[in-house]
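Before any comments, here is the structure.
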Amino acid sequence: MKPKDTEAEILKAAEQEFMLRGFDGAKTASIARAAGVTHAMLHYYFRTKEQLFERILTDKMNLMGRSVLTAFGNPGLPLLERLKDGISRHFDFLVENPDLPRFIINEVFSRPERYEIMRKGVSRIIDKLMQNVQQELDSMAAQDEIVPVDVRMLMLDVVSLNIFPFITYPMIKPLLGDIAADRERFFEQRKAENIEVIMRRIKK
């Protein structure tokens, strides 16, 4: 029998608790109970609720950053193919973490200082990536292959298009009828649509 990974169990239970109740509503006693550990054991691994929260948030931001970096940083693919792959990977990350966008927005509005935690989690990866992609975009625009593009605006387009369906799905589902009835199919359609929109945005 595989030995229990206590830290992983605590993190899994804590993620569910935070996503459901937010930081202020989350209870460490509930997290310990869901993880199958004592309250004292939870505090042995994570001394405070704040520390546990920051660990989950940092892990999520790093995971997203690495996923996008892997796509955009693949030197074996042309930039436009990497862009498609990056959009797809970011969307797939959201499919696996559908409550994360709404959770982050709620936490940032209620506690603006949390933005700094998230910024640090991705800035080291994303800043260099954006610089490199901008150089490639400028080169392609100079060769009249694409329209001139500011990579910051392009990434904002990608993030906005990808995140919106997850934040608004409970509201838009009744409005869209059968197109949104099958959640999995709807999100696959949205991913393809988002890629198409971005490609049309930059191509001549």
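The values are calculated or read from the model by the stated rules, or taken from the named source; none is laboratory data. The structure presented is a predicted model; accordingly, all values stated were derived computationally and were not measured. Glycine also receives a Cβ, built like all others from the backbone with ideal geometry; neighbour counts cover every protein chain displayed.
A few remarks follow.
- Condition met for Leu42 (hydrophobic (A, V, I, L, M, F, W, C) and loosely packed, with under 15 Cβ neighbours inside 10 Å): no
- Considering the range 13-51, and only residues there that are among the basic types (Lys, Arg) and within 23 Å of Ile105 (Cα to Cα), the residue that is farthest from the chain's Cα centre (by Cα) turns out to be Lys27.
- Filtering Asp178, Asp157 for residues that are in contact with a helix residue (DSSP H, G or I) (Cβ under 8 Å, 6 or more places away or on another chain) and not polar (S, T, N, Q) leaves a single hit, Asp157.
This table checks each residue for (1) at pLDDT 80 or above; (2) not aromatic (Phe, Trp, Tyr).
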site: Tyr115; (1), (2): no, no
site: Leu129; (1), (2): no, yes
site: Gln134; (1), (2): yes, yes
site: Leu137; (1), (2): yes, yes
site: Ala142; (1), (2): yes, yes
site: Val149; (1), (2): yes, yes
site: Ala181; (1), (2): yes, yes
site: Glu184; (1), (2): yes, yes
site: Arg190; (1), (2): yes, yes
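- The numbered conditions (1) assigned to a loop (DSSP other than H, G, I, E, B); (2) at pLDDT below 90 are all true for Asp24 except (1).
- For the range 59-80, the condition holds for no residue, the condition being that it is crowded, with 18+ Cβ neighbours inside 10 Å, over 15 Å from the mean Cα position of the chain (by Cα), touching a residue at least 24 places away in the same chain (Cβ under 8 Å) and more than 21 Å from Ile126 (Cα to Cα).
- When the range 22-38 is limited to residues that are surrounded by 13 or more Cβ atoms within 10 Å (Cβ to Cβ) and either in contact (Cβ under 8 Å) with a residue 60 or more places away in the chain or of a type outside the set (A, V, I, L, M) (or both), the one that is nearest to Pro101 (Cα to Cα) turns out to be Gly22.
- Among the residues of this structure, Gly86 does not count as one that is touching a helix residue (DSSP H, G or I) at 6+ places or on another chain (Cβ under 7 Å) and modelled with pLDDT under 70.
- Residue ID - surrounded by the most Cβ atoms within 10 Å (Cβ to Cβ), chosen from residues in the range 128-162 that are within 30 Å of Ala180 (Cα to Cα) and in contact with a Lys or Arg (Cβ under 9 Å, 6 or more places away or on another chain): Asn162
A quick yes/no check of all residues on (1) among the acidic types (Asp, Glu); (2) touching a residue at least 24 places away in the same chain (Cβ under 8 Å):
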| residue | (1), (2) |
| --- | --- |
| Arg152 | no, no |
| Asn162 | no, yes |
| Leu176 | no, no |
| Glu184 | yes, no |
| Asn194 | no, yes |
| Val197 | no, yes |
